[in-house]
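Working notes, beginning with the structure itself.
Each value in this text was obtained by applying a stated rule to the coordinates, not by laboratory testing. Quick caveat, the model's predicted, so the values are computed rather than measured. Glycine gets a Cβ as well: all are built from the backbone with ideal geometry, and neighbour counts include every protein chain shown.
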Amino acid sequence: MKKRFETFTVLLNRISRNIRKLKNREMAEYNLRSAHISCLYYLYLSEGLTATELCERCEEDKATVSRALDYLETNGYLTCEAKSAKRYKSPLVLTKKGVEVGERIAEKINKILDRISGELTEEERLEFYRCLTVISDSLDFIAKDKI
């Protein structure tokens, strides 16, 4: 039982740490960090998202997304066209600079995914994602429940 727990947690932590390292290394030339990259990526794939929607897509807390959005807006990657009092509900859109970097991010992500998928068949990859989804959903349920 102990070995199973160690394997599970160590592998998940290694995957998460390596994803953060890749994000930070690949985007260092733009002075962007992990949370910035996730926000730019999801905004690039969409026609504009609110801060609330970004929190859900990035699986980050409101404070992290808020700091990332402030940085991205200040540095010319995105804009919030609606100047309402409830800014977190206003759609955010990428500037030309944001679109260019978003495209680079998407290209790098696709290249990395292609590389790691090269060792798996399509069936293995689909089964892997199915298993990850089951694990994630189970942990969400358990985390909400008081054991």
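Determine which single condition Ala82 fails, assuming it passes every other condition in (1) assigned to a loop (DSSP other than H, G, I, E, B); (2) under 12 Å from Cys39 (Cα atoms); (3) hydrophobic (A, V, I, L, M, F, W, C). Ala82 satisfies all of (1) assigned to a loop (DSSP other than H, G, I, E, B); (2) under 12 Å from Cys39 (Cα atoms); (3) hydrophobic (A, V, I, L, M, F, W, C) except (2).
Among the residues of the range 13-48, those identified as buried (at least 19 other Cβ atoms within 10 Å of the Cβ) and either over 20 Å from Thr74 (Cα atoms) or hydrophobic (A, V, I, L, M, F, W, C) (or both) are Lys23, Met27, Leu32, Ala35, Ile37, Cys39, Leu40, Leu43.
Select from the range 108-133 the residues that are surrounded by 12 or more Cβ atoms within 10 Å (Cβ to Cβ) and in a helix (DSSP H, G or I) and list them in ascending order.
Within the range 108-133, Lys108, Ile109, Ile112, Ser117, Arg125, Glu127, Phe128, Leu132 qualify.
Please state which one of Glu119, Glu127, Glu103 is of a type in the set (Asp, Glu) and closer than 16 Å to Leu43 by Cα. Answer to the check: Glu103.
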